[in-house]
Structures are given as structure tokens and as C-alpha cells.
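For reference, the structure discussed in these notes is given below.
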Amino acid sequence: MKFALIGYGKMGKAIEQVIVDQSKGDEIVLRIGEDNLHELTAANLRKADVAIEFTRPDAAIDNIFLCFEAGIPVVVGTTAWLERLDEVKKECADQKGGLFYAPNFSIGVNIFFEINRKLAAIMNSQPQYDVAIEEIHHIEKLDAPSGTAIRTAEVIMDHMNRKSKWVLANPFDSAADSAKSLLITAKREPHVPGTHVVTYSSSVDEIQVIHQAKTRRGFAEGAVMAARWMVGRKGVYEMKDLLSF
């Protein structure tokens with residue numbers, strides 16, 4: 001199987017290592033980093049069976065569309081572009097492309113989503129509990145809150161009627177105190193792959209669900225799994241399609 005890596009930073013190199021470790025004749029035919037952006041062309045992408053894209057929000061859409069033009073499926077780990085998802089889905093359908101996107105490719109994080117889905121449904125009938133999210137990432141992460149925190153909030157709000165929007169915690173913003181708001185606290189610290197904490201708190205007790213990544217390896221393994229699964233597929237998919245939760 002032939003891979004194209006669009007984005008050759010820390011995640012791209014972690015993905016490369018997973019491909020090498022799992023290789024049964026696999027080949028990385030294209031590695032695109034900051035120093036060789038000129039090599040990111042449809043012609044070069046056609047040498048691959050699938051592309052894995054981990055870049056920046058301002059580049060992701062163009063990269064996705066280029067993969068559609070090249071006729072290869074693309075797995076996208078870049079976050080903070082989903083406000084244009086409808087546009088991307090339309091382009092995918094028009095070009096008969098293949099897209100797999102996720103806020104987080106870790107199998108553990110997707111189990112974390114499922115646990116929070118079930119817990120939020122239980123807590124919907126327990127109004128004495130308020131809920132909040134905290135996420136901690138490395139200082140190089142550009143978006144805040146993280147895509148994983150936003151997805152977690154969406155999962156909770158889908159099953160908890162008393163929360164209608166998420167709000168990035170800001171001590172100077174009175175809207176953050178609204179009972180209908182789900183507060184997300186975003187912290188940036190050195191050398192943290194990613195920690196997400198959901199806390200349900202009442203006057204008498206507290207329940208926490210925590211996912212703490214130890215390394216980037218878990219994200220990389222999930223992205224490679226998705227890439228292998230996408231070969232030959234058309235349409236738009238997410239981790240729930242791959243994992244069948």
C-alpha cells in the first residue's frame with residue numbers, strides 16, 4: 001500500500017513510524033513538509049493509494065480538495081475547519097472522492113466519547129449535577145479549545161437538554177456563567193500530548209471521566225488504521241463508521 005503524508009511535523013513523523021512498524025510491503029511515496037510544499041500536486045498524489053493530512057486549519061481545505069482532484073481518499077486529522085464541512089461534503093460528492101475526518105484518531109478517545117454519551121444521557125435526569133470540560137495540550141497546538149473537547153461537548157449536549165452551547169472559559173465573560181453553557185477550559189503546557197477531563201459536580205460529590213494520552217502513537221495508529229480502511233471507498237466517514245460503536 002502506498003501512502004502520501006501531507007504534513008511532516010511531529011504527527012506526520014509519528015504516522016511514518018507506525019507505517020514502518022506495521023509494514024508488509026507498504027511505501028510512503030510522498031512526504032510534504034514546510035520545505036517542499038511545491039511538491040504537493042495532484043500528479044504526485046496520484047502515486048499514492050491514500051493520503052493522510054495533518055497540517056494547519058488554513059491549509060486543510062485546499063489539501064482535501066487537491067486529494068479529491070487526484071482521485072485518492074484522504075484521512076484528515078487537522079482540526080478547526082469544520083465550519084466548512086458542508087462545503088467539503090458537497091465537493092466530495094461532486095468529485096466522487098473519499099474523506100475520513102475525526103477530531104481525534106485515538107481509539108481510547110473514541111471510547112471516551114462513547115462513555116460520555118452514555119453518562120450524559122443518565123445525567124439528563126439528574127439536574128443537581130453541573131458538567132464542565134478541561135483540556136490540556138502542548139504549547140504548539142494552535143486551536144483552543146481542542147477539536148476533541150468540542151466533540152465531547154457536542155456529544156454531551158446531544159443527550160443533556162439543559163446544556164445548549166459550549167463556551168470557552170473566560171473570567172471576563174459573564175456569558176460563561178449561564179446555566180445553559182457548558183464550560184470548556186483550555187490549557188497549554190509543554191510536552192503534553194493531550195488530556196481531556198469531563199467533570200460532573202454536585203453539592204455532595206463529583207464524577208470525572210479522564211482520557212490522558214501518553215504519546216502521539218495512539219493518534220498515529222488510529223490514522224493509519226483509517227487510511228487502510230479508506231482505500232477503495234467513496235464518501236464521507238468518521239471514526240464511528242470505522243469502529244462501529
Subject >> Unmet requirement for residue 127, which otherwise passes all of (1) farther than 30 Å from residue 46 by Cα; (2) not in a loop (DSSP other than H, G, I, E, B); (3) not charged (D, E, K, R) >> reply: (2)
Original post:
Can you name every residue in segment 1-15 that is in contact (Cβ under 8 Å) with a residue 12 or more places away in the chain and of a type outside the set (Val, Ile, Thr)?
Top reply: 1, 2, 3, 4, 5, 7, 8, 9, 10, 11, 12, 14
Original post:
Given (1) out of contact with any Cys (no Cβ under 6 Å at 6 or more places or on another chain); (2) over 29 Å from residue 170 (Cβ atoms), where does residue 133 come up short, assuming only one miss?
Top reply: (2)
Original post:
For segment 155-245, which strands (runs of 3 or more DSSP E) that fit wholly inside it have 3 or more residues that are within 30 Å of residue 3 (Cα to Cα)?
Top reply: 235-237
Subject >> Residue check, residue 236 within 30 Å of residue 49 (Cα to Cα), modelled with pLDDT of 95 or more and in contact with a Cys (Cβ under 7 Å, 6 or more places away or on another chain) >> reply: yes
Original post:
In segment 16-28, how many are in contact (Cβ under 8 Å) with a residue 12 or more places away in the chain, of a type outside the set (Gly, Ala, Ser) and out of contact with any helix residue (DSSP H, G or I) (no Cβ under 8 Å at 6 or more places or on another chain)?
Top reply: 2
Original post:
Of all residues in segment 1-36 being more than 23 Å from the chain's Cα centre (by Cα) and assigned to a loop (DSSP other than H, G, I, E, B), which is nearest to residue 75 (Cα to Cα)?
Top reply: 1
Original post:
When you go through 65, 100, 54 one by one, which is the residue that is touching a Gly at 6+ places or on another chain (Cβ under 6 Å) and of a type in the set (A, V, I, L, M, F, W, C)?
Top reply: 54
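The values are calculated or read from the model by the stated rules, or taken from the named source; none is laboratory data. From a predicted model like this one, the values you see are computed outputs, not experimental measurements. All Cβ positions, even for glycine, are placed from backbone atoms using ideal geometry, and neighbour counts span all protein chains on display.
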